[in-house]
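The values are calculated or read from the model by the stated rules, or taken from the named source; none is laboratory data. Values in this document were obtained by computation on a predicted structure and should not be read as measured data. Positions of Cβ are generated from backbone atoms using ideal geometry, with glycine treated the same way; all protein chains shown enter the neighbour counts.
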């Protein structure tokens, strides 16, 4: 067999073998590339890049979360500042409107009382209080200009306040029920015993002329009796605070129900009202519980 | 008795004619597959010249796939044909033919391996595809084309022909 040597030192058979190997390998590689040759490289690149892609994804997610948290924090702070300013503004506004609201509430309550009492009531505003002084009282902003006269009854929704002591052209003075020189005809709600209420000051008063024979309980309601022709029968005066038996009569001490220190608006009864009107202040007595088996 | 290798000229000439038949039988896929198998397994392999056999086999594979125009990525059949042709050539050098029965048996074994390898290579290159029945036609007609190749390449023309 003649061997032809090429100029690079390879035999012809060697070259043929090399070409054959390249041909076979080339075809094999071409076959292994498959229908979409780029897909292999893409999958390989994806596989190699998967760890870095995972890290990059985690890094981007962490940054996004951090950015959102920072934005939420900034927005929360801004909203907090805004809400703080708004709260301060609302508090100031509420403080400014509180007197008007209280006056409006008082007016509503007075209106409700006025609807309950079937008499022609007049309203007046308290402009000054001389209560701390001896024989002090309240100064109203209305006087003869509203056809007021002395001895008109004065009341608020919680109970009676007193009576008009003196009336000026545009002002009137109220003698409070707890004044030492004030007297109101009253009766006890349960026993219906009548007496005269005399002031002790500081929202307290004493009922005179209650017989020792009467049974008076602490906490019992005290109503006007209407005998003084200043108040009609049945207006709430206060509640019994203490009962002390005396030689001839009971010493019944009463806490007045009207808040005499915090009155801003009052209602004025007509002069010498009728004795009987529908009592708005009558406290509903709890019904006695019957024992089982009793009719 | 060992059968002598055919002459290279006759073998190459027969390969060229058969390759032409591969193109010409394109309208008839079953016949084309049989001709293709004939070229790859029976005509192309040559013990002393693997490169020529691989080239003929590769050409047969490209011709078959090119005329079929069914696969998205060609080359699988050509690679399988080259591999089988190299294997057959190696077998021809390692175990020289000693008779027509051995020739038929060898062709049948190579046909089975060829069927499996072609399917695998086409699956790798183009994706899943049906098996088809070309292998069955080739196996059924093996006595015909195997005997024809045997007479044309190894035992010369028939005494009756002359």
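Could you check the stretch A:136-148 and list, in sequence order, the residues that are in a loop (DSSP other than H, G, I, E, B) and loosely packed, with under 15 Cβ neighbours inside 10 Å?
A:147
Can you tell me which condition residue B:126 does not meet? The list is (1) away from chain A (no Cβ under 14 Å); (2) touching a helix residue (DSSP H, G or I) at 6+ places or on another chain (Cβ under 9 Å); (3) farther than 27 Å from residue A:16 by Cβ, and all the others hold.
(1)
Return the residue satisfying two criteria in turn: it lies in the stretch B:50-69 and is within 12 Å of chain A (Cβ to nearest Cβ) and either farther than 17 Å from residue B:18 by Cβ or in contact (Cβ under 8 Å) with a residue 60 or more places away in the chain (or both), and of such residues it is surrounded by the most Cβ atoms within 10 Å (Cβ to Cβ).
B:50
Taking the stretch A:233-256 only, how many residues are in a loop (DSSP other than H, G, I, E, B) and either in contact with a strand residue (DSSP E or B) (Cβ under 6 Å, 6 or more places away or on another chain) or within 22 Å of residue A:269 (Cα to Cα) (or both)?
Restricting attention to the stretch A:233-256, the residues satisfying the condition of being in a loop (DSSP other than H, G, I, E, B) are A:234-235, A:246-248.
Remaining after also requiring either in contact with a strand residue (DSSP E or B) (Cβ under 6 Å, 6 or more places away or on another chain) or within 22 Å of residue A:269 (Cα to Cα) (or both): A:234-235.
Going through the stretch A:233-256 one residue at a time, the tally reaches 2.
How about the stretch A:97-110: which of its residues are under 17 Å from the mean Cα position of the chain (by Cα) and free of Cβ contacts under 8 Å to residues at least 24 places away in the same chain?
Hits for the stretch A:97-110 are A:97, A:98, A:99, A:100, A:101, A:104, A:105.
Across the stretch B:100-121, what is the number of residues that are away from every other protein chain (no Cβ under 14 Å) and more than 19 Å from residue B:139 (Cα to Cα)?
0
Which residue, of A:215, A:230, is within 24 Å of residue A:151 (Cβ to Cβ), modelled with pLDDT of 80 or more and in a loop (DSSP other than H, G, I, E, B)?
Every option except A:230 fails the conditions.
Kindly indicate which of A:116, A:93 is under 27 Å from residue A:229 (Cα atoms) and either out of contact with any strand residue (DSSP E or B) (no Cβ under 8 Å at 6 or more places or on another chain) or loosely packed, with under 13 Cβ neighbours inside 10 Å (or both). Show your work before the answer.
Values: A:93 fails: under 27 Å from residue A:229 (Cα atoms).
That would be A:116, the only listed residue that is under 27 Å from residue A:229 (Cα atoms) and either out of contact with any strand residue (DSSP E or B) (no Cβ under 8 Å at 6 or more places or on another chain) or loosely packed, with under 13 Cβ neighbours inside 10 Å (or both).
Which condition from (1) at pLDDT below 90; (2) surrounded by 15 or more Cβ atoms within 10 Å (Cβ to Cβ) is the one that residue B:110 breaks?
Residue B:110 satisfies all of (1) at pLDDT below 90; (2) surrounded by 15 or more Cβ atoms within 10 Å (Cβ to Cβ) except (1).
Residue-wise test of (1) touching a helix residue (DSSP H, G or I) at 6+ places or on another chain (Cβ under 6 Å); (2) surrounded by 10 or more Cβ atoms within 10 Å (Cβ to Cβ); (3) more than 14 Å from chain B (Cβ to nearest Cβ); (4) not in a helix (DSSP H, G or I).
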{"position": "A:17", "(1), (2), (3), (4)": "no, yes, no, no"}
{"position": "A:20", "(1), (2), (3), (4)": "yes, yes, no, no"}
{"position": "A:26", "(1), (2), (3), (4)": "no, yes, no, no"}
{"position": "A:39", "(1), (2), (3), (4)": "no, yes, no, no"}
{"position": "A:45", "(1), (2), (3), (4)": "no, yes, yes, no"}
{"position": "A:61", "(1), (2), (3), (4)": "no, yes, yes, no"}
{"position": "A:73", "(1), (2), (3), (4)": "no, yes, yes, no"}
{"position": "A:81", "(1), (2), (3), (4)": "no, yes, yes, no"}
{"position": "A:85", "(1), (2), (3), (4)": "no, yes, yes, no"}
